[in-house]
Structures are given as C-alpha cells and as structure tokens.
Amino acid sequence: MNEENQTPELTLTPDLTAEVAQVAAQAQAAVEAPKAPDITLTTDPTAAQTAQAAQAQRDANAVTLDESQLTEAERKIVDDFSQKIDIRDSSVVLQYGAAAQKNIAAFSENTLNSVRTKDLGEVGQALSSLVVELKGFSQPEKKGIAGWFQKKRNEMEEMKASYSKAEANVDKIVAVLEGHQVTLMKDIAMLDQMYELNTKYYKELTMYILAGKKRLAQVRATDLEELRKKAEQTGAQEDAQAYNDLANLCTRFEKKIHDLELTRMISIQMGPQTRMLQNNDTLMLEKIQSSLVNTIPLWKSQMVLALGLEHSRQATQAQSAVTNMTNDLLQKNADMLKMGTVETAKEAERSVVDIETLQHTNQQLISTLDEVMHIQEEGRKKRQEAEVELGRIEGELKQKLLELRG
C-alpha cells in the first residue's frame, strides 16, 4: 500500500464507509471486551505513596498528541482542513469527526462482538468416539478350551470391525480439523485487513483532533478575543451575547474534540486486541496442523500395530493351547498305560486257583462232611428209637386183641 492510499481523508459530512461493512461480513472469531479493573479505595499511607509513585510514572510515560506524529503531507491536510471548520455552525460541531467515530464504533463492534469463537465440539465428539473404539482393542481374555479356535476367530472379526469403525472416526476428525484449518486461515487474513483499517481510522482521528485543536486555538485567539474586546468597549447586550454564544460553541467544540480523543484511545486499544486475536488463531492453526501431520498418523499407526499385535498374541495363544492339549493327552495316556500294565502284571502273576480259594473250599468240604456224619448219626438214633416204639405199638395192639377175645 503506497503513501497516497494511506493518507486519510477528512470530511465535514460523515458517512459510514463500505470498508467496515465488507470486513464485518467476514468476521468469524469472538473475544470478550476487556473488563474494567476494580477500583478499591484505601486510606493506607503506604498504599497512597505507592499510588502516587505509580501516577508519577504514568505521567512520565504520557504521550503528547502533536503534529510530530504526522507526515508532511498529513500536516498540510490538517492545516487546510482546520481552516474549513466553522465553529459557529452547530451542525458542523455536532458532526465533527463523526465519520471516523462511526468507523471505529463499527470496527469495535464487529471485531469484539460479531466474531465467533471457534467451536471444536465436533472434534471433541469425534475424539470421544475414537477413545471408545480404541478401548475395544483391550477386551479381557475369555477362559476355557472348548471351542477355543472358533471363539478366537470371532474375537478377531470383532476387532477388525472395531478397527474399521475407529478408522472412520479418525477420518472424520481429519475432515473436521481441515475445515477449521481453512476457516482459521481466512480469519487470519481478515484480521490483517481489520488491523490495516484500524490503523487508517486511528490516523484519521489523530488528524481530526489536531485540526480541531488548531482551529479552536485560532478562534479563541482571534474571533473570540475580538468579540470580548468589542463587548467590553461597546457594552451592548448583543455584543456580549455574541461573545457568550461563540464561547459556548468553543466549549462544545472542545468537548467534541475530547470525545474524539476517547474514540482514538479505543482505536489504539483495538490494535493489540486484533493482533491478539490473530495470534490465537495462528496458535490454533499450528495446533491443528500438528494434529494432522503428527497425531492422526500416529493414531492410525498405533491402531495398525495393535491389530498386528493381536494377530501375534492369538497365534501365540493358539500354539500354547495346542501344546497344553498335547501335554494333557500324553499325561492321560501315560496314566492309563501305567494302570493297564500294572493290572496285567498282577493278573499274570496270579495262580490258576488262589490258595485262599482252596482253603475255603477245603474248609467247606470238611464242614459238609461233619454235618453229613452228624445227620447220619441222628438218623440212626431215630431209627433205633422208632424200632423200640414200633415194638411197643405192636405189643399194645396184641394185648388189645386178646382182651376182645375173652
């Protein structure tokens, strides 16, 4: 931008420039207006001395507004414009510097109130979803051998599906971050334009103030002084009223210049505030860039690594399961072989008939013979007794028959 374009234009017929409206339409970031510091009254002597020292330091650092801040071309504009100011015109006093004030007011409002803070909530949701998916990679291992291989195949399929879902979430985050990256780049460029406009408006206000002060000093030193002398000489009421009216207009114009000085201070504050906004956007842009080139690829590589480690872990577990099953079979077969061999050896060493069996048989045989002999003796004894009884029966029968014959 050359010096001619940078030279402000002063006017007595203010209107809101189209530049502010155009830049305001591009605003997409937000900050809060600085909060006024709390003022606490105190009677502490030490605190009072500290306040006096601080005030003295402020007075020493105070900036004096004069034409030394202007270029030669700007000084000429101020001189020429100051001669056009008619303090006797109430509308001129009322509208003086209003163009620059409107520009600063619109600039402040659009910069501090219309600019929205970057909302990364969508990124936060995607990150939360990604964390949930990544946690699915570390499910607790199930126990048991039955259906082991089928179960592991199912777990692997579930993990692959989880990986695909997490990868989609990562891609979603990349798209969101890239969108914010583009927005921030536009905002940084827009804030550059705003800073240049603010510099221009600040310069305009400075020139309005200097031109107004110069014109005010001239009027007070010439016109107002002449009216005062004339009123004193003539003593006429209309001359005194003319002097009083011009003095009031000078006071009004002085207040107007003071208002412009306040507006100029707002413009001064807007410069660093705009740069702070731009710096915040730049830091966020760098953070997003770091995420895109460092964090996101790291996530993907770690997920691929987790999938490969799961393959390796399951292969190791499969081999371990096969080894365990082989060892179990060998142990069981060894136990069964031992049991069968011992039983066979015992059976081979046994006699055809156990001695215990022969002893039992012999005892039973002897017992049987004893019982047979006892039974025979009892039978013999009963037969002998029966013979004796039969003799008695026969004798009794004969006796009875003899009795019948007699």
(message) Quick test for you: out of Ala126, Ala99, pick the one residue that is modelled with pLDDT of 60 or more and crowded, with 18+ Cβ neighbours inside 10 Å.
(response) Ala99
(request) Go through the residues of the range 359-380 one by one and say whether even a single one is modelled with pLDDT under 85, more than 30 Å from Glu178 (Cα to Cα), out of contact with any His (no Cβ under 7 Å at 6 or more places or on another chain) and surrounded by 10 or more Cβ atoms within 10 Å (Cβ to Cβ). (result) no
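Here is a yes/no grid of residues against (1) under 30 Å from Ala73 (Cα atoms); (2) touching a Leu at 6+ places or on another chain (Cβ under 7 Å):
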| position | (1), (2) |
| --- | --- |
| Glu254 | yes, yes |
| Asp259 | yes, no |
| Leu262 | yes, no |
| Gln269 | yes, no |
| Leu285 | no, yes |
(request) Give the residues of the range 66-93 that are under 18 Å from Lys256 (Cβ atoms) and among the charged types (D, E, K, R), sorted by residue number. (result) Lys84, Asp86, Arg88, Asp89
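Regarding the range 163-182, can at least one residue be identified that is modelled with pLDDT of 85 or more, assigned to a helix (DSSP H, G or I) and not aromatic (Phe, Trp, Tyr)? Talk me through it step by step, then tell me what you get.
Here is the first cut: in the range 163-182, the residues modelled with pLDDT of 85 or more are 182.
Keeping just the survivors that are assigned to a helix (DSSP H, G or I) gives 182.
Still in the list and also not aromatic (Phe, Trp, Tyr): 182.
Within the range 163-182 (the criterion being modelled with pLDDT of 85 or more, assigned to a helix (DSSP H, G or I) and not aromatic (Phe, Trp, Tyr)), the answer is yes, since at least one residue qualifies.
The rows are residues; the columns are (1) touching a strand residue (DSSP E or B) at 6+ places or on another chain (Cβ under 9 Å); (2) open to solvent by less than 70 Å² (accessible area, probe 1.4 Å); (3) closer than 30 Å to Gln101 by Cα.
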site: Arg275; (1), (2), (3): no, no, yes
site: Val293; (1), (2), (3): no, no, no
site: Trp299; (1), (2), (3): no, yes, no
site: Gly340; (1), (2), (3): no, yes, no
site: Glu343; (1), (2), (3): no, no, no
(request) Could you check, for the range 185-202, whether at least one of its residues is surrounded by 15 or more Cβ atoms within 10 Å (Cβ to Cβ), free of Cβ contacts under 8 Å to residues at least 40 places away in the same chain and not hydrophobic (A, V, I, L, M, F, W, C)? (result) no
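The values are calculated or read from the model by the stated rules, or taken from the named source; none is laboratory data. For clarity, every value in this text was computed on a predicted model and none was experimentally measured. Note that we place each Cβ from the backbone using ideal geometry, even for glycine, and neighbour counts take in every protein chain shown. Surface areas here come from the heavy atoms of the whole protein model, side chains and all, with no ligands, DNA or RNA. Shrake-Rupley method; radii C 1.70, N 1.55, O 1.52, S 1.80 Å.
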